[in-house]
1. Suppose each label sits 7 Å from its Cα in the direction of the beta carbon; what would the Ala76-Thr255 distance come out to in nanometres?
2. Stick to the Cα atoms of region 68-222, pair each with every other, and give me the Kirkwood hydrodynamic radius in Å at one decimal.
3. Taking the Cα centre of the chain as origin, sum charge times position over the Cβ atoms of Lys and Arg (+1) and Asp and Glu (-1), and report the length of that vector in debye to the nearest 20.
4. Pairs of Cα atoms under 8 Å, at least six residues apart: use those to get the relative contact order of the chain, whole percent.
5. Could you order peptides 63-73, 230-240 by the average number of other Cβ atoms within 10 Å of their residues, highest first?
6. If the cut-off is 15 Å between C-alpha atoms, which aspartates and glutamates fall inside it for Lys105, apart from same-chain ones fewer than 8 positions away?
7. Could you give the distance between the Cα centres of region 273-296 and region 187-203, to the whole Å?
8. Among bridges DSSP assigns within region 149-318, what percent are antiparallel (round to 5)?
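Since every read-out is calculated from the coordinates, none of them should be taken as a lab result. This structure is a prediction, so every number in the text was calculated from the model and none was measured. Note that each Cβ is placed from the backbone with ideal geometry, even for glycine, and that neighbours are counted across all protein chains shown.
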Amino acid sequence: MRILSIETSCDETAIAIVECEGGAEAPIFSVRAHVVATQIATHRPFGGVVPSLAKREHLINLPLAYAEVLEQLKAAGHKEKFDRIAVTVGPGLEPALWTGINFAKDLGEKLGVPVVGANHLEGHMYSNWLPSALPTTHSPLSTRIAFPAVVLLVSGGHTALVVMDSLQSWRKLGETQDDAAGEAFDKVAKMLGLPYPGGPEVERMAQGGNPDAIPFPRPMLHSGDFNFSFSGLKTAVLYHLRGGSLSTTHYPLPTHVADVCASFQKAAIDVLCAKTMRAAEENGAQSVLVCGGVASNAALSAELKKRADEVGMAFFAPAMQYNGDNAVMIAAASYLGTGHSVDKALPNLNL
Ligand code: KG4
Ligand code: ZN
């Protein structure tokens, strides 16, 4: 089945064309075309995503991205023929989501192709089953990830733990009670005067800092459940900066910034890893998976891998290009995940 997939839930306009075969038993995803138009430069001056600007950019970028995937398809010698159009229907920013949904519906009508909705969070989960190089026709991981698998989903909008008994049977174990992990990285970066998106900046600065310099709290580490909370940690960073010799109106010295980044990152990673591994042990997991934008954090994946290795569990992370928002994962979510109508009012999808 050839799926044309569209993703506009936040600040990336993405369209992909993916050949999906093998069913849920042994899915193979072959990426025929893949475009991600990022809006980072648009939102950077505001220190975060501005929904009305995201909508405006999606409206501009969607036809351009569509023209580009068609070019890629043609260049690879494939015919312009689709069995399905898949579009993210949530969760996400409503004005942004609607641009993708309306574009997909118009296109579906024009081409005479059915349009189905896909869950963005399922997309992140299934990104672990996507091929590792572009363009490629193979998905070798699908045969290697053993179930049960515990998935840590960490993005700018979401932080959740999920247990998968199979590709199509999964349940949420817990989630953040306030900020998402990526959001905490972004907010800490903002406090330190680092540009948006803050996650990669904090990680870069942390490399030169001492992770044990500041004893930031590990919120909900011993809460006994699988929920998270990052707003207290973010506030602890703010208080630390205010309590120092420099006020928040003056940015701290570079060495201090590095120590704050390293100590904050370590606190966040400690909580994420401890909860993930406890979830994995309590659910008899054979595999530990990470996904979402924060999965790009090398310190996080190294620590998760180390802890999984220690207890003999396999660790998997998606290929880098599928950590952030993309449309290839939306094709996978449409092929493997829960189907959603695009004719009803926008569902406030969640896991
Ligand atoms: O999955 P994603 O692209 O969008 C959402 O669905 O939210 O995730 C974006 C988030 C941002 O908060 C960004 O700062 C964070 O992922 N991020 C990172 C890193 N790279 C991206 N956080 C920590 N370390 C990184 N290296
Ligand atoms: Zn996302």
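1. Each label point lies 7 Å from its Cα, and together they span 5.2 nm.
2. 19.2
3. It works out to roughly 240 debye.
4. With pairs under 8 Å counted, the relative contact order is 24 percent.
5. Top to bottom by mean Cβ count within 10 Å: 230-240, 63-73.
6. The reachable aspartates and glutamates, counting only those whose Cα sits under 15 Å from Lys105, are Glu7, Asp83, Asp343.
7. So the two Cα centres are separated by 25 Å.
8. So the antiparallel bridges in region 149-318 amount to around 55 percent.
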